[in-house]
1. Which residues, counting only those in region 14-67, are of a type in the set (G, A, S) and either touching a strand residue (DSSP E or B) at 6+ places or on another chain (Cβ under 9 Å) or within 26 Å of K135 (Cα to Cα) (or both)?
2. Could you tell me whether any residue of region 109-126 is farther than 30 Å from R20 by Cβ, of a type in the set (V, I, T), at pLDDT 95 or above and buried (at least 21 other Cβ atoms within 10 Å of the Cβ)?
3. Cβ contacts < 9 Å: first residue in contact (Cβ under 8 Å) with a residue 24 or more places away in the chain and farther than 13 Å from F96 by Cα, restricted to region 4-18; second residue among the hydroxyl-bearing types (S, T, Y) and surrounded by fewer than 17 Cβ atoms within 10 Å (Cβ to Cβ), any location; separation 6+ or different chain. Result?
4. So which residues in region 31-72 are surrounded by 18 or more Cβ atoms within 10 Å (Cβ to Cβ) and in a strand (DSSP E or B)?
5. Consider only pairs whose beta carbons are under 6 Å apart and that are at least six residues apart or on different chains; among these, list those whose first residue lies in region 49-60 and is without any contact (Cβ under 8 Å) to a residue 24 or more places away in the chain and whose second residue is surrounded by 14 or more Cβ atoms within 10 Å (Cβ to Cβ) and among the aromatic types (F, W, Y).
6. Can you find a residue in region 84-97 that is of a type in the set (S, T, N, Q), more than 14 Å from the chain's Cα centre (by Cα), surrounded by 14 or more Cβ atoms within 10 Å (Cβ to Cβ) and farther than 24 Å from K23 by Cβ?
7. Let me confirm something: among G139, G133, which residue is in contact (Cβ under 8 Å) with a residue 24 or more places away in the chain, loosely packed, with under 12 Cβ neighbours inside 10 Å, within 23 Å of C35 (Cβ to Cβ) and small (G, A, S)?
Amino acid sequence: MIDLPQAAIDLAKQFEGFHRVPKFDPERRAHPYICPAGYWTIGYGHLCDPKHPPISEADGEIYLSQDLLTALNATRRYCPVLATGPEARLAAIVDFTFNLGAGRLQTSTLRRRINQRDWPGAAGELRRWVYGGGKVLPGLVTRRQAEMVLLLRNT
């Protein structure tokens, strides 16, 4: 069992943030909200039902760990070459998988480029995944850039 790469945790926390809606909650709990891609979400990007009760930041970290572990397992299943490479590469694709889902990784050209060890090609594929709700989201452009930096760190 491989531990979650710290860089994947850091990326997810940086780009998801721990959303507190409404901001006046005295307990500083996260409430469900609709993310820019149109999904009900809570905490650090955890998909949820709109009626999900508010959660503490500690609960958000538990959800994040579970979600990242799911993304790690899917990433290792679909991109086995990442198991023997630099941890930064694994972290980049775990964050991608966490953000977009294992199904997107499984059917992507990104996956093919990774398994061919075509790191520049894989970085180019990451640039394509910047849409949410049918439009380019600046946050996704920035996130994909951060993932590309990790992916290409040791090439």
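The values are calculated or read from the model by the stated rules, or taken from the named source; none is laboratory data. Quantities reported herein were computed from a predicted structural model and do not represent experimental measurements. FYI the Cβ positions are ideal-geometry reconstructions off the backbone, even for glycines, and counts take in every protein chain you see.
1. As a first pass, look at region 14-67 and keep what is of a type in the set (G, A, S): 17, 30, 37-38, 43, 45, 56, 58, 60, 65.
Correct list: G17, A30, A37, G38, G43, G45, S56, G60.
2. Of the residues in region 109-126, the ones farther than 30 Å from R20 by Cβ are 109-125.
Within this subset, residues satisfying the condition of being of a type in the set (V, I, T) are 109, 114.
Retained after the next criterion (residues that are at pLDDT 95 or above): 109, 114.
When the remaining residues are screened for being buried (at least 21 other Cβ atoms within 10 Å of the Cβ), the result is 114.
Yes.
3. L4/S65
4. Once the filter is applied, which keeps residues that are surrounded by 18 or more Cβ atoms within 10 Å (Cβ to Cβ) and in a strand (DSSP E or B), region 31-72 yields T41, I42, H46, I55.
5. P50/W40
6. Just the residues of region 84-97 that are of a type in the set (S, T, N, Q), to begin with: 84, 97.
Narrowing further to those that are more than 14 Å from the chain's Cα centre (by Cα): 84.
With surrounded by 14 or more Cβ atoms within 10 Å (Cβ to Cβ) added as a condition, the list becomes none.
The answer is no, given that none of the residues of region 84-97 is of a type in the set (S, T, N, Q), more than 14 Å from the chain's Cα centre (by Cα), surrounded by 14 or more Cβ atoms within 10 Å (Cβ to Cβ) and farther than 24 Å from K23 by Cβ.
7. Details: G139 fails: loosely packed, with under 12 Cβ neighbours inside 10 Å.
Sole residue among the options that is in contact (Cβ under 8 Å) with a residue 24 or more places away in the chain, loosely packed, with under 12 Cβ neighbours inside 10 Å, within 23 Å of C35 (Cβ to Cβ) and small (G, A, S): G133.
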